[in-house]
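Notes for the one structure printed next.
The values are calculated or read from the model by the stated rules, or taken from the named source; none is laboratory data. Being a predicted model, the structure only gives us computed values, none of them experimental. Keep in mind that these areas ignore ligands, DNA and RNA; they rest on the heavy atoms of the full protein, side chains included. Shrake-Rupley method; radii C 1.70, N 1.55, O 1.52, S 1.80 Å.
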Amino acid sequence: MLADVYFSTPLLVSFANGLTRTFHSVHEALDFLENEWPLRHGERYRPACEKCRAALLRHTPVTIAREAFIAACLEAGMPVQSLPPVWQRSGPGTPPLMSA
């Protein structure tokens, strides 16, 4: 098993049913893409999988994998927000600082 690679800032993904999920790492994003993804035929889906795999192998920077995952989420109609790093949050209810 490959060691996980963490995003510099976690991503909060919103689903059509109103639920949200936070992604902290490349492995979490790839697992979601491979096992729970709602739109496998999207143009951005395959590149996101490839970039996440490459980042886990240390062949691609984690920022490239993160951006590919964001692009796939947006294409699938799932808004994404970038959360502040854990060390910058003042509490669990702190709202996200920016949208991706």
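Things worth noting here:
- Accessible-area ranking of HIS41, HIS27, largest first, probe 1.4 Å: HIS41, HIS27
- Each residue was assigned an accessible area with a 1.4 Å probe, and for ILE64 the value is about 70 Å².
- With Cα atoms as the point set, region 1-84 shows a radius of gyration and Dmax of 11.7, 35 Å.
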